[in-house]
Amino acid sequence: MKETINRSDKMIKFDFETYTKEFIDKEEYNKLLAEKEKYIEKLNKSNMVGWMREIDKETVVDIKETAEYIKNNFDVLVVIGIGGSYLSSSAIHSALKSYFSNDFEVIYAGSTLSTKYLDELLNYLKNKNFCLNVISKSGKTLETSIVYKLLKDLLKRKYNIEEMSKHIIATTTKGSGLLWEEAQVEGYKTFEIPNDVGGRYSFITPAHLLPLALNYDIDKIIDGYFDGKRLIDDAYKYALTRNLLFKSKKYIENFCVYEENLLQFTEWLKQLFGESEGKNNQGIFPVASLYTRDLHSLGQFIQEGNKIIFETVIKILNSNHYIQYNNYSLDELNKNISEAVSIAHYKGKVPIIEIEMDELTLENISELAYFFQLSAAFSGYLFNVNPFDQPGVELYKNEIKNLLNKG
Ligand code: PA5
């Protein structure tokens, strides 16, 4: 029976005010705050908000059964995808895994065309029993297609066609694209990315959930994610605060974390906000820092350099591990350090938005993901751009196609 999750609404807390007030035009803030319902209505009317809809139960069962099939028949899952097709699942995988782990092995490939990496990967997989999950909404992205072809060729050298097809799972748009067509011809297992969910919003699709189902309870991810609906007011306030910081010439947002495992989550955030806002000469440029490490390098610039930066700090209060150092636990020490950093940076004219999670759990991080997706959508509207398209990415893809066609 499914465990009932009783989560209080105090798991994630936000402070948009303490360390930003000096930079926010209060009158403008209140004016835009009063317009919240208008933006909620706009969002609800959008035809790209499939990510706000419950995932159907059959798909969840199918994902869990497929994960079992992979665990029972293979030693490694290789996920091939780039951008929105891999970032959210790799972000959660990195955030939750142990630093020295014995989980079912999941390798994420396809986000670069590094010759060294791919050569070593092919070598590593030569004697492994591996399964491929190739993920591409369009079914034709260059990097994904190349890495997929290289790994498929390796499978071809080991198995006959019928056996090989059991090693491949395709996650793509149903009914269109090269990947879908190939999967139909070859009889691969397929999962669908709904048309009304853009890559960077695909947290609640099989693109995200299947790779995670190997090691994590996806019911917790789904429940936590939809708990994020209760954060809609905070999501709007976050978008609003960022927008007004931008208007006071804070053009760069530094996502700061104190846990190295969260760096991949900041990669997901970079795509989410960068692609949702960065068009029509608008938007905040997202970067990320690992503290305390980067306080000893970038800290100098942040404190005393060009005042174009604001920070969004994601803090975890309780690590569920205990180490004592003199009169403090390391968790207390990190909390004190993060407070000292906020005070120092604010004195240096760097505004700070604080997000506090009581613990880093599957539910909390999934709820936070929903919050960020909502906020990125609101933010696009506040910048007067479409938060759900990415014409600039398409341009780069077309230019590559043209170049390769010429060659
Ligand atoms: O947001 C986007 O559309 C891109 O970053 C895509 O996620 C990325 O290019 C991968 O595209 P696809 O899933 O079609 O292979």
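A few points about this structure:
- In region 363-372, the condition of being within 22 Å of Glu253 (Cα to Cα), touching a residue at least 12 places away in the same chain (Cβ under 8 Å) and assigned to a loop (DSSP other than H, G, I, E, B) is met by no residue.
- Helices (runs of 4 or more DSSP H) fully within region 157-272 counting 2 or more residues that are within 19 Å of the chain's Cα centre (by Cα), within 16 Å of the ligand (Cβ to nearest atom) and farther than 22 Å from Val313 by Cβ: 206-213
- The residues of region 66-109 that are modelled with pLDDT of 95 or more, part of a loop (DSSP other than H, G, I, E, B) and either in contact with a Gly (Cβ under 9 Å, 6 or more places away or on another chain) or not acidic (Asp, Glu) (or both), listed by number, are Phe74, Gly81, Ile82, Tyr86, Phe104.
- Conditions (1) within 16 Å of the ligand (Cβ to nearest atom); (2) more than 20 Å from Ala369 (Cβ to Cβ); (3) touching a residue at least 60 places away in the same chain (Cβ under 8 Å): number failed by Leu87: (2)
- Boolean, Lys128 is touching a residue at least 24 places away in the same chain (Cβ under 8 Å), in the same structural domain as Ile70 (by TED's automatic domain parsing) and either open to solvent by 20 Å² or more (accessible area, probe 1.4 Å) or more than 14 Å from the ligand (Cβ to nearest atom) (or both): yes
- Set Ile82, Ile193, Ile135: member being open to solvent by 40 Å² or more (accessible area, probe 1.4 Å), among the aliphatic types (A, V, I, L, M) and within 15 Å of His208 (Cα to Cα): Ile82
- Any hit, region 61-72, residues being outside the structural domain of Leu272 (by TED's automatic domain parsing), among the hydroxyl-bearing types (Ser, Thr, Tyr), within 16 Å of the ligand (Cβ to nearest atom) and surrounded by 14 or more Cβ atoms within 10 Å (Cβ to Cβ): no
- Filtered residue count, region 273-284, keeping only those that are without any contact (Cβ under 8 Å) to a residue 60 or more places away in the chain and within 16 Å of the chain's Cα centre (by Cα): 1
- Single condition Glu143 does not satisfy, out of (1) of a type in the set (Asp, Glu); (2) open to solvent by less than 70 Å² (accessible area, probe 1.4 Å); (3) assigned to a loop (DSSP other than H, G, I, E, B): (3)
Conditions tested, residue by residue: (1) hydrophobic (A, V, I, L, M, F, W, C); (2) open to solvent by less than 50 Å² (accessible area, probe 1.4 Å).
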position	(1), (2)
Asp331	no, yes
Tyr346	no, yes
Thr361	no, yes
Val393	yes, yes
Leu404	yes, no
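The values are calculated or read from the model by the stated rules, or taken from the named source; none is laboratory data. Being a predicted model, the structure only gives us computed values, none of them experimental. Note: ideal-geometry Cβ built from the backbone for every residue, glycine included; neighbour counts use all protein chains shown. We work out accessible area using only protein heavy atoms, side chains counted, and drop any ligands, DNA or RNA first. Shrake-Rupley method; radii C 1.70, N 1.55, O 1.52, S 1.80 Å.
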